[in-house]
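Colleague: Handing you a structure now.
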Amino acid sequence: MANTAEVIISPQPFDLARMNQAIQESQGESGASVIFTGAVRVSDAEAGLTGMTLEHYPGMTEKQLAQIIGEAKKRWRLNKIYVAHRVGYLKPGEPIVFVGVSGLHRAESFSAAQFIMDYLKQKATFWKKEHYGDKEVWVEAKASDEKAAERWI
Amino acid sequence: MKITVLFFASFKERLGVSDIEIIIDEGSSLSDLCEQLAARGEQWQTLFAEAEKLIKASINHEMADLSDCLADGDEVAFFPPVTGG
């Protein structure tokens, strides 16, 4: 299998069509692909959320993501891994994170995608700030995210 | 020895600074650096006095513990628990 990984951290909106295609194309030699996209919840806009700012630690984030991907490759037989994360200002409805995985079988691809997301949320150096009009609030870490990552230990 | 110290997210805003350079004694640990930084003023003291679990730190892009030793030229970062994804 090709066993390639691509990581993108960018303030530019996602090209979802291209990202989906990159994973789908690799499915031919893999057998199964799983794609996850996380977005700024539109329902939060009803609670007054006007947008979100994503900050990260350049250099460290890339290193953390490479380690997470390396660990996923050790655990499952994977072909293509694609991880993208937005930084900067995002509006409700906009995608924040994309994880695409193709592998030999569906169970492995599902597990790998979930593992990458759980670890990304727990380890990758990103921080979210919510905007409610003129008011700004830094998002606090959730215990449930810590629990989600712990199940892979 | 010279250490570059970075702050991210709410820490950066609370201290009003994103990066500083610190001169610290040879053989100092991350904990010694915290002590030196806490002495810079009230905001600094409050931040570094917070429960240890709320302060995350890295040395040269790897997560670090307070007992870890520093070396000349290290890049240290302090930040709150991550909230990406």
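The values are calculated or read from the model by the stated rules, or taken from the named source; none is laboratory data. What you see is a predicted model; the values in this text were computed from it and never measured. All Cβ positions, even for glycine, are placed from backbone atoms using ideal geometry, and neighbour counts span all protein chains on display.
Colleague: Hand me the list of strands (runs of 3 or more DSSP E) wholly inside chain B holding 2 or more residues that are surrounded by 14 or more Cβ atoms within 10 Å (Cβ to Cβ) and at pLDDT 95 or above.
Modeller: It comes to B:2-7, B:56-59, B:75-79.
Colleague: Has region B:35-53 got at least one residue that is closer than 16 Å to A:THR61 by Cβ and among the polar types (S, T, N, Q)? Step through it out loud before you land on a result.
Modeller: Filtering region B:35-53 for residues closer than 16 Å to A:THR61 by Cβ gives none.
No, because not a single residue in region B:35-53 is closer than 16 Å to A:THR61 by Cβ and among the polar types (S, T, N, Q).
Colleague: So if I check each of B:ILE3, B:ILE59, B:ILE20, B:ILE55, which one is under 20 Å from A:ASP145 (Cβ atoms), under 11 Å from the mean Cα position of the chain (by Cα) and among the aliphatic types (A, V, I, L, M)?
Modeller: Result: B:ILE55 is the single residue among B:ILE3, B:ILE59, B:ILE20, B:ILE55 that is under 20 Å from A:ASP145 (Cβ atoms), under 11 Å from the mean Cα position of the chain (by Cα) and among the aliphatic types (A, V, I, L, M).
Colleague: Something else: Answer yes if at least one residue in region A:44-52 is under 24 Å from B:HIS61 (Cα atoms) and of a type outside the set (Gly, Ala, Ser), and no otherwise.
Modeller: Our first condition is that a residue be under 24 Å from B:HIS61 (Cα atoms); within region A:44-52, this holds for none.
Scanning region A:44-52 turns up no residue that is under 24 Å from B:HIS61 (Cα atoms) and of a type outside the set (Gly, Ala, Ser).
Colleague: Determine if region A:109-132 includes at least one residue that is within 12 Å of chain B (Cβ to nearest Cβ), crowded, with 20+ Cβ neighbours inside 10 Å and in a loop (DSSP other than H, G, I, E, B).
Modeller: Yes, that holds for at least one residue.
Colleague: Additional query: Would you confirm whether or not region A:4-23 contains a residue that is touching a helix residue (DSSP H, G or I) at 6+ places or on another chain (Cβ under 8 Å), away from every other protein chain (no Cβ under 14 Å), modelled with pLDDT under 95 and over 16 Å from A:PHE110 (Cβ atoms)? Don't jump to the end; show me each part of the working.
Modeller: Pass one, region A:4-23, residues touching a helix residue (DSSP H, G or I) at 6+ places or on another chain (Cβ under 8 Å): A:5-7, A:9.
Adding the requirement that they be away from every other protein chain (no Cβ under 14 Å) leaves A:5-6.
So of that shortlist, the ones also modelled with pLDDT under 95 come out as A:5-6.
After this cut, where a residue has to be over 16 Å from A:PHE110 (Cβ atoms) as well, the list is A:5-6.
Yes, some residue in region A:4-23 is touching a helix residue (DSSP H, G or I) at 6+ places or on another chain (Cβ under 8 Å), away from every other protein chain (no Cβ under 14 Å), modelled with pLDDT under 95 and over 16 Å from A:PHE110 (Cβ atoms).
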